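Some notes on the structure that comes next.
Values in this text are rule-based calculations from the coordinates and carry no lab data. Here the structure is a predicted model, which means the values were calculated and not measured. Because the Cβ atoms are built from the backbone with ideal geometry, glycine has one as well, and the counts that use them run over all protein chains shown.
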């Protein structure tokens, strides 16, 4: 919004750099990228983040095994202690201590694994049971001690009673006592005695026999039985404690927890793998897309470049065409200007010729008439004849002057060739003379003209055009000479096919870079307004149209020479006309 | 013409120019020898021509209202006997060609003129006009180009360097009269020595030849010869030379229509016939020798060459 407001809010200078535009597409891409990264983090956390130290778990399980072993050892020790009636159960204390230590370790190790609630509950249950088992073990130990004492007492009493009976010899009684003793012994030894009723029957028999020893025996048997019953009760309690089961349960819970965890991690890993694969595919697709767009871009670039090159070439060609067209146009313009100039000159000459020749006609005629009249006058005196002679002389001068004017008009007519045919056989020497007369005022008194004319055949040409060429070169020569100088004009037949005209001055000459351009239209070294720059381009074109050549040789300070070469015979197109004129005579 | 000529022995000359000073100058020069009448416009001249007859009519070309050619054309209609001269400071190409074909002028004199030369020109004009003979029928008979003319026997020489043009001309003219074709002057002279030729139809530009000079020489040799010149590159200066030095009958610009060419050649043939019958009439077309000495030499040389060729054949 801010950007767009900035862009539309009137004139803003072009910023040095621009933020990437927040287009809908860019926003969507940004969100997609964020989601992809978030999902990746989540999956990573899922597969690795909640994984407890496997060593700790292993240690906990180890401790669990130890606990199970200890529990089994305790059970065994208790059973063993129950059977070894004569001695005190000695290993129990150490075992109890180890179990206590183990309990603490287990607690600590499970606390380290931060297992689930099921594991915690199982652990708590086991710890409870284990604690109670420990306390029961203490009680049991005392009971065992008491039972062992009672059993020993009973054995002593039985020995005593049997000894007594030996002496008295009451065999029946003796058998009874013996049965009682063996029953009591069996009762004491059996873990779950079943001969309680038999024992009670025997006891009552013994009681019935009376005697002191026998009563003591019965009493000890009864004490033993009571102790045994208490022991049996405690043992039942002891065995009833579900330590092994809860250990089993704990183990199962822990394992289950681990399994679930593992399963979850596994699932995470699989999902991660799938996701990675998907990402990989996405990246691949992106890469392919990028590759494609790059190659598109490359191709577009190449096309653009080639188009650019084509364009440049086209522009170069067009520029060349245009400059050619411009040159042509300039040349045509120059020719137009020149032909217009010549046409105007022709019209002017025609008008001037008539307007001058008419007064000149009667003036000249009248002078002649007057001279005739004067010469025919009858002789007067000396003085009169003298005045007459003087007058005749003056009139002769007047006539001369008028002849000069008449000649000038003729020269103008000759030069412009008004109403003359455009092309005809023409002697270039005549053209040179005609041009010399026209530019006489530029040369007169200052520049000496050397004429070295060879004998030339009349060549087919446009005389008016060649006259312009000659006049132009002579005028240039006159302008190149500052002060007195020499203009040398020579003609000759150069070879069988060409005549040659040389026009040389000893003027200021030209630098090579000027020489290069002198035949181009509108090129001039003169000040603005003094020259049109058309002269030599017209000269060049005229000579070219005549199938001739023009060359220039010039050195600064030494002068300039133009050499014109023109064909003697007409072009082959009109050759038939020339040859068919050949006569058989 | 029933014009009333004053009873005087002096030849009558009419000068026409819009510049009165020219007329005055001319009058001063010629009043002693001729009876001089002047007019300062074409219209005035026509008026005078309708009333009086003249031997020589001299007119300027560029005049307001009516050009010199128009005046001379009218004069030719009114007084065919009178000799016509154009005296002008400048005449454009068309006027000069018209001076031949329509004005049938005797001379073309440029201003400023030399009194001496003008006197000579006028003298020869007066002499030409003095040939009192039946007027040339061709001059005023426009229907002369209708076929069946008995003059068909007059031979025509076609002189043109281009073979195709020769063939075309022969095709156009050949039905009514014998036509001989030549590509060069020498060839033409050969033909003239062996055939009776009265009319020459020639291209102006002959390779290496000066046609006005050659025609002049031929006319000198056979004055009754009638020349029709064709050209594709009309040139005022040449036209003037053709008037003064060749007295050609017509100057036609190429391309020429068949009808015009046939008509012109018919007229030329009749003219030849008339001239042969009345040799004195030839004087009306007296030609002038070139003025420059060099050209004169060439002209004499040309004449000698023509004579040599023609005589060799006849000998």
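Here are a few things to note about the model shown:
- Nearest 10 degrees, 0 to 90: helix A:196-209 Cα axis against chain A principal axis: 20 degrees
- Note on the stretch A:161-222: percent of Cα-Cα distances in each 10 Å bin, starting at 0 and stopping at the bin with the largest distance, equals 24, 56, 18, 2.
- q = 0.13 Å⁻¹: log10 I(q)/I(0) that the Debye formula gives for the stretch B:12-129, counting C-alpha atoms only: -0.40
- Estimated FRET transfer efficiency (residue B:163, residue A:516; beta-carbon r; R0 41 Å; 0.05): 0.30
- Kirkwood estimate for chain A, i.e. one over the average of 1/r between Cα atoms, Å: 40.8 Å
- Listed from fewest to most Cβ neighbours within 10 Å, the set B:191, A:39 follows the order A:39, B:191.
- Two-decimal Rg to Rh for the stretch A:146-187 - Kirkwood Rh, Cα set: 1.02
- For the stretch A:195-253 versus the stretch B:17-48, the inter-centroid distance based on Cα atoms is 196 Å.
- Legend: ranking of residues A:518, B:200 from fewest to most surrounding C-beta atoms inside 10 Å; resulting order A:518, B:200.
- For the stretch A:166-272, taking the reciprocal of the average inverse distance between every pair of different Cα atoms yields a Kirkwood hydrodynamic radius of 17.9 Å.
- Burial ordering of A:315, B:46, A:481, fewest other beta-carbon atoms within 10 Å first: A:315, B:46, A:481
- Taking chain B as a Gaussian network of alpha-carbon nodes connected by springs under 10 Å, the highest mean-square fluctuation of the residues B:255, B:11, B:223 belongs to B:255.
- Modelled this way, with points 7 Å down the Cα-to-C-beta line, the labels at residue B:9 and residue A:297 are 12.4 nm from one another.
- The Cα atoms of the stretch A:217-262 cover 66, 9, 5 Å along the three principal axes, with the biggest extent listed first.
- Viscosity 0.692 mPa s, 37 °C: Kirkwood-radius Stokes-Einstein D of the stretch B:155-312 over Cα pairs, µm²/s: 210 µm²/s
- Relative counts (whole %) of C-alpha pair distances in chain B, using bins that are 20 Å wide: 33, 57, 10
- Taking 0.36 nm per residue of separation and subtracting the Cα-Cα distance, full extension of the segment from residue A:239 to residue A:131 would add 37.5 nm.
- Simple spin-label estimate for residue A:391 and residue A:27 in nanometres, 7 Å along Cα-Cβ: 12.2 nm
- Once the Cα atoms are used to define both axes, helix A:428-438 deviates from the longest principal axis of chain A by about 90 degrees.
- Gap separating the Cα centres of the stretch B:197-239 and the stretch A:290-368, nearest whole Å: 44 Å
- Take the Cα radius of gyration of the stretch B:179-227 and divide it by 2.2 N^0.38 Å, N being the number of residues; the result is 1.04.
- Taking every DSSP helix (H) stretch of at least 4 residues in chain A, weighting each as -39,500 (n - 2.57) and dividing the sum by the residue count yields a mean residue ellipticity at 222 nm of -25500 deg cm²/dmol.
- With Cα atoms, 0 to 90° folded angle of helix A:54-83 axis to chain A main axis: 10 degrees
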